[in-house]
1. Hey, does the stretch 126-143 have a residue that's among the basic types (Lys, Arg) and outside any loop (DSSP other than H, G, I, E, B)?
2. Tell me, please, whether a residue that is of a type in the set (Asp, Glu) and within 18 Å of residue 152 (Cβ to Cβ) can be found in the stretch 250-264.
3. What are the residues in the stretch 514-536 that are crowded, with 22+ Cβ neighbours inside 10 Å, over 15 Å from residue 483 (Cβ atoms) and of a type outside the set (A, V, I, L, M, F, W, C), if any?
4. If a residue must be within 14 Å of residue 246 (Cα to Cα) and under 20 Å from the mean Cα position of the chain (by Cα), how many such residues does the stretch 344-358 contain?
5. Within the stretch 1-42, track down each residue that is closer than 18 Å to residue 69 by Cα and not polar (S, T, N, Q).
6. Has the stretch 535-542 got any residue that is modelled with pLDDT of 95 or more, in the same structural domain as residue 474 (by TED's automatic domain parsing) and in a loop (DSSP other than H, G, I, E, B)?
7. Would you check if there is a residue in the stretch 252-272 being surrounded by fewer than 21 Cβ atoms within 10 Å (Cβ to Cβ) and under 16 Å from residue 175 (Cβ atoms)?
8. Could you tell me which numbered condition residue 437 fails, if it satisfies all but one of (1) assigned to a helix (DSSP H, G or I); (2) in the same structural domain as residue 519 (by TED's automatic domain parsing); (3) among the small types (Gly, Ala, Ser)?
Amino acid sequence: MTKFANAAALEGFRRELLRQRDSIKGTVTICGGTGCQTSQAKKVIDALRAELARRGLTKEIHLRPTGCHGFCEQGPLMVVEPGKVFYCHITPDDAAEIVEKTVIKGEVIQRLLYTDPVSGKKIHSEDDIPFYRAQDRQLLSQNRQVNPLDINDYIAIGGYASLAKTLAKMKPKSVIDEVAASGLRGRGGGGFPTGRKWLECHDAPGEEKYVICNADEGDPGAYMDRCVLEGNPHLVLEGMMIGAFAVGASQGYVYVRNEYPLAVEHVRAAVDQARELGLLGEKILGSRFSFDVEIARGGGAFVCGESTALMASLEGTVGEPRAKDVHTVVDGLWHKPTVLNNVETWANVPSIMGKGAAWFKAKGSKGSKGTKILALTGHIKNTGLVEVAMGTPLRTVLYDIGGGPSRSKDIKAVQTGGPSGGCLPASKFDLPVDFDALYDAGSMVGSGGMVVMDQGTCMVDVAKYFLDFLQDESCGKCVPCRLGIDRMLEIVTAISEGRGKPEHLPLLEDLAETMSLTALCGLGKTAANPVLSTLRYFRDEYEAHIKQGQCPAGVCQALIEYNIDESKCTACGACLRACPYHAIQGKKKEPHHIVAAQCQKCGICHAECKFDAIQVA
């Protein structure tokens with residue numbers, strides 16, 4: 001491979017790639033993301049490759065392993081073209097049949113099609129699956145178009161054309177103006193206007209400046225950044241290059257979570273390939289712009305997702321945040337002006353520069369433009385990665401895309417924005433996915449985590465869970481966070497165990513509000529959101545724990561008891577065999593009963609009973 005001397009050489013290479021691909025008669029695109037790899041996707045890919053080779057079809061049929069397609073619970077999954085035939089839950093044993101029937105003969109294998117859980121019908125095309133149909137997949141759709149380990153795939157679909165345009169035709173200030181006009185706001189949590197951040201860094205004094213990609217995604221259940229970085233690393237690199245040109249930086253860093261080995265592998269390969277072609281390094285595409293990127297593994301701490309803590313970690317010191325009296329765009333990495341954006345923010349930049357600010361701004365709501373990737377998890381039928389236009393109602397995400405509750409219980413709440421987000425009740429499901437609207441409701445868009453909870457969830461227990469997580473992950477540098485989280489967790493634990501007092505509720509609110517006002521960093525300031533939001537919308541559950549000594553959801557072990565309704569018990573013995581504590585007794589053909597002194601309230605018997613005979617009191 002030779003280095004591109006200028007933009008014309010890059011465009012000529014793209015045209016040659018497309019000419020070579022004219023002979024391809026079909027494409028098999030299979031998800032090779034982390035989720036699908038846990039379901040043997042790699043073995044499926046190997047089996048398909050071997051079968052195509054055995055039949056002499058490797059030049060006619062393009063097998064493309066890709067990053068995540070989003071519908072993770074259906075993996076391994078693939079799309080066969082022509083025809084956009086969507087297959088899911090594939091095994092290595094299916095490879096020969098797929099090649100024989102679908103690739104060669106154009107036949108559809110019914111047993112491998114997706115079955116709609118609502119209608120029970122088999123769906124032939126990916127476009128007709130409700131999970132995909134209701135989305136606006138601007139970033140995620142590109143994952144299907146590229147092999148993340150092959151830069152040629154990215155160049156073939158127009159990759160690095162926005163960089164070429166920027167270097168050949170634009171000035172740094174005009175790039176910033178375009179990003180500002182698009183209305184792009186940071187996708188990492190704060191929602192700060194990206195153009196404004198870049199302008200402040202551009203105007204900051206000093207010749208040495210840096211850009212950083214924050215891929216230290218630590219929210220439980222969130223994997224949006226991992227998906228983009230694994231599936232399309234060149235898109236992120238191109239966005240960083242454009243940003244570096246705009247602010248005057250010559251060095252960039254991708255700070256990636258240590259627990260993301262596949263993302264690390266793919267972004268390292270992308271950096272190496274870009275360097276080999278001259279897209280990273282000195283005088284890129286014949287311009288005066290020079291830029292390079294290094295990969296840094298995360299420190300394993302949730303707090304390292306905070307901008308100043310991340311920079312401290314990059315510098316080789318303890319990942320602790322610092323006071324915000326001086327902005328990092330002026331005094332950042334090694335006290336130099338620095339722009340830090342997350343993976344999804346950088347990934348939006350090439351499209352904005354290629355299609356224009358007006359195109360990006362046409363999507364979304366008044367104060368929140370473009371699309372947002374969400375990680376949909378919890379008590380919902382369709383879990384996975386979802387991309388919707390900003391301003392889309394929560395109800396659309398939960399029911400049209402998510403398919404509604406996964407169990408027979410109604411959805412009670414959704415927690416948005418990760419552990420520092422808030423829990424919103426069903427009465428708020430008409431709120432839009434919008435930075436300002438969710439903030440006003442006591443939650444946040446955050447990085448995009450969305451945990452769905454049904455009526456079997458105790459909101460006191462939810463607050464306790466997130467406080468426990470945040471206590472472990474707090475760096476402990478500032479007193480409000482270090483002591484405030486500890487004290488709130490003590491109080492919420494007491495309430496969940498039946499030791500709560502009425503005066504605990506105003507004390508919790510006072511502690512939470514004090515933390516929000518006085519904590520050192522953004523993580524500390526929002527750590528109280530799970531408590532404040534559950535008190536705001538589910539105060540009756542706290543009061544039931546305190547005043548009645550009851551957990552309405554039947555979750556808090558200290559406040560519940562299990563018993564067997566003899567009128568429903570069939571004496572099948574399933575609960576007796578499942579109980580690890582031998583707390584269930586009974587003879588054949590006689591109703592069973594629970595020995596309260598031996599019962600550890602683990603709930604295994606309740607889950608095993610098929611006849612609803614085991615009751616929670």
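1. yes
2. no
3. The answer is 526, 529, 530, 533, 534.
4. Qualifying residue count, the stretch 344-358: 2.
5. Of everything in the stretch 1-42, those that are closer than 18 Å to residue 69 by Cα and not polar (S, T, N, Q) turn out to be 28, 30, 31, 32, 33, 35, 36, 41, 42.
6. yes
7. no
8. Going through (1) assigned to a helix (DSSP H, G or I); (2) in the same structural domain as residue 519 (by TED's automatic domain parsing); (3) among the small types (Gly, Ala, Ser) one by one, residue 437 breaks only (2).
The values are calculated or read from the model by the stated rules, or taken from the named source; none is laboratory data. Every value quoted in this text rests on a predicted model; they were computed, and no experiment measured them. Virtual Cβ from ideal backbone geometry, glycine too; neighbours counted across all protein chains shown.
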